[in-house]
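Worksheet for the structure shown next.
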Amino acid sequence: MRSYLLLLAIGLLWGSQFIFMHQAVTELPPIMVAAGRALCGSLTLGLLCLFMRLKSEHTPWRTYMLIALLDATLPFIMVAWGQQYVDSAIAAVVMGCIPFVTILMAPLLVSGEKITKGGLVSVIIGFVGVLVLFWPKLASGMNAGLLGAMAILFGASCFAIGLLMIKRFAKDHPVVVARNILISSAIQLLLAAPFVTDLSALTMPSQQAIGAVAVLGVFCTGLVYFLYMALIQKAGPTFASFSNYLVPLFGVMLGALFLGEQIQSTTGVALALILGSVALNQWAQQRRVQREAALCQAS
């Protein structure tokens, strides 16, 4: 039950980011919004580490820099760049490939991970749920740039590999892991910013834009990364990656609630498919654990 609650909380927090992102990117370049998120998130988790008296003890910083490059920096840049050329619905469907990459790469990077029939079927059902959710927009014949879609797919694949690297190499407390990843990502994004955007053309943003970046950093980055690290350590990277199916769903629902966007009739069907895929994945994992335990007792 705790794993399911964590999954729902992650989906809700990441799904709500679209509301604040809409306010922030109207005045700031995407890479500066990403850097601001990473900075605010790392400060939030840094204060939490001080309160809990947590320190980095087991994982070197060069490992965190590599994980951050794959898990945060490259996805931030590639998704932001790709969304200039494709619709958000196309981007969400492409991001739905994260569990595919996770489940296929897990046996190579994480000891004890296997590709099971139940896990593979659950991933396919979840991806179908994302397709159903955005089918009205996809069926309208929107033009999706090939390079934009490829960039988003590359960012999604990097994110999936970063999840697996966290599971294998990050041995610190989940709060410390999340803080160090965001610190590393903030450094990388700030270093990359002059090469991606014209900093001399930036103007002082409004208080609304600054507040949106702060909310993105504290809640939709700092807090959600901590919950994500905790879920990876508790239930594994494959189960955690299913939050990427809940994010677009919550995004659509919150957009309708706060921005007045229209909810399509397919939303209910998509919700059933997405939640069903998560339940099937967890059931398949429990069955595998029970079979392995029975074999150990028999031997």
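The values are calculated or read from the model by the stated rules, or taken from the named source; none is laboratory data. Everything numeric in this text was worked out from a predicted model, so none of it was measured. Methodologically, a virtual Cβ is constructed for each residue, glycine included, from the backbone with ideal geometry; neighbour enumeration extends over all protein chains shown. Accessible surface areas use protein heavy atoms only, side chains included; no ligands, DNA or RNA. Shrake-Rupley method; radii C 1.70, N 1.55, O 1.52, S 1.80 Å.
Things worth noting here:
- Scanning the stretch 191-248 for residues that are among the small types (G, A, S) and in contact with a helix residue (DSSP H, G or I) (Cβ under 6 Å, 6 or more places away or on another chain) yields A193, A209, A212, A214, G217, G222, A230, A235, A240, S241, S243.
- Given (1) closer than 28 Å to L131 by Cα; (2) modelled with pLDDT of 70 or more, index of the condition I90 fails: (2)
- Any hit, the stretch 217-230, residues being touching a Pro at 6+ places or on another chain (Cβ under 8 Å), open to solvent by less than 30 Å² (accessible area, probe 1.4 Å) and within 27 Å of M165 (Cα to Cα): yes
- Exactly one residue among I187, I161 is over 26 Å from L47 (Cα atoms), open to solvent by 20 Å² or more (accessible area, probe 1.4 Å) and part of a helix (DSSP H, G or I), and that residue is I161.
- The stretch 59-83 - residue that is at pLDDT below 85 and farther than 14 Å from V33 by Cβ and, of those, most open to solvent (accessible area, probe 1.4 Å): M78
- Number of residues in the stretch 239-291 that are open to solvent by 20 Å² or more (accessible area, probe 1.4 Å) and outside any helix (DSSP H, G or I) equals 8.
- Residue in the stretch 54-63 that is under 22 Å from A240 (Cα atoms) and touching a helix residue (DSSP H, G or I) at 6+ places or on another chain (Cβ under 9 Å) present: yes
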